[in-house]
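Computed from the coordinates by the stated procedures, all read-outs in this text should not be read as laboratory data. Note that the structure is predicted; figures quoted are calculated from it, not measured. Note: ideal-geometry Cβ built from the backbone for every residue, glycine included; neighbour counts use all protein chains shown.
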Amino acid sequence: MTPPEATAPVGETGRMTDTSGLSPERILDVAEETIRRYGPTKATVVDVARALGVSHGSVYRYYPSKVALRDAVAERWLARVSTPLGEIAGSAEPAPARLRRWLRELSGTKRRMAREDPELFDTFHRIATAARGVVTGHLDILAGQLALIVADGVAAGDLVADDADRAGRTLLQATARFHHPAHVAEWADPALDDDFTAVIDVLLRGLGAR
């Protein structure tokens with residue numbers, strides 16, 4: 001029996017459409033381009049389907065609504081930030097140095113995205129802001145990665161913290177100026193790197209870093 005994704009449904013014009021190459025990743029690739037072209041409020045599932053050359057029903061098989069599709073786009077965009085950070089969090093580097101590198105990577109990634117394509121950065125920030133559940137999950141991932149580093153540091157005697165989870169979330173909140181898109185207008189400040197270093201130094205001293 002032919003699987004649903006391999007069938008060729010009738011498109012909106014009455015012609016058969018080939019969905020054999022359709023996949024969640026392919027849909028998200030085109031959805032990102034469509035959102036960039038039309039904007040997050042005007043882009044529709046029909047626009048994405050048209051760009052893919054399939055019926056909108058074919059897209060709905062993977063993403064049952066416009067909200068679900070936008071959430072998936074936001075989740076993938078945020079994963080581009082959190083995935084490399086996860087590799088740093090899980091490395092064998094001493095916790096204080098690892099913590100400093102993780103926070104620099106987060107700040108540097110966000111600032112680079114905003115600098116290289118400010119329009120796209122703003123677009124995806126608006127999408128992510130609307131997908132509150134996705135953003136909450138993303139922040140939980142980031143705080144969890146920081147908590148892992150802190151817990152490793154405590155175990156090695158390099159850091160002091162009564163609650164690694166709370167410490168991880170506090171570190172994320174305390175450095176928001178350097179990575180949260182709400183502060184994007186401040187990222188061109190020539191003194192930002194010096195301010196960032198000063199904040200990290202204070203935070204590490206607060207954790208009793210050796």
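For the chain, a crude dipole built from +1 on the beta carbon of Lys and Arg and -1 on the beta carbon of Asp and Glu, taken about the Cα centre, is about 380 debye to the nearest 20. In this structure the amide hydrogen of A43, modeled in the peptide plane, comes within under 5 Å of no amide hydrogen from residues 5 or more places off or on another chain.
Towards the positive end of the charge dipole of the chain, with charges on Cβ (+1 Lys, Arg; -1 Asp, Glu), say which of L69, L171, L207 has the farthest Cα. In the chain, that residue is L69. Given the options L22, V135, A51, identify the residue whose Cα lies farthest towards the positive end of the charge dipole of the chain (+1 on Cβ of Lys, Arg; -1 on Cβ of Asp, Glu). Checked the options; the winner is A51. Mean-square fluctuations from a GNM of the chain, with a 10 angstrom spring cutoff on Cα atoms, peak among F196, F121, F178 at F196.
Grab the other residues whose beta carbon is less than 14 angstrom from that of G168, score K and R as +1, D and E as -1, and report the net. Residues near G168 contribute -2 overall.
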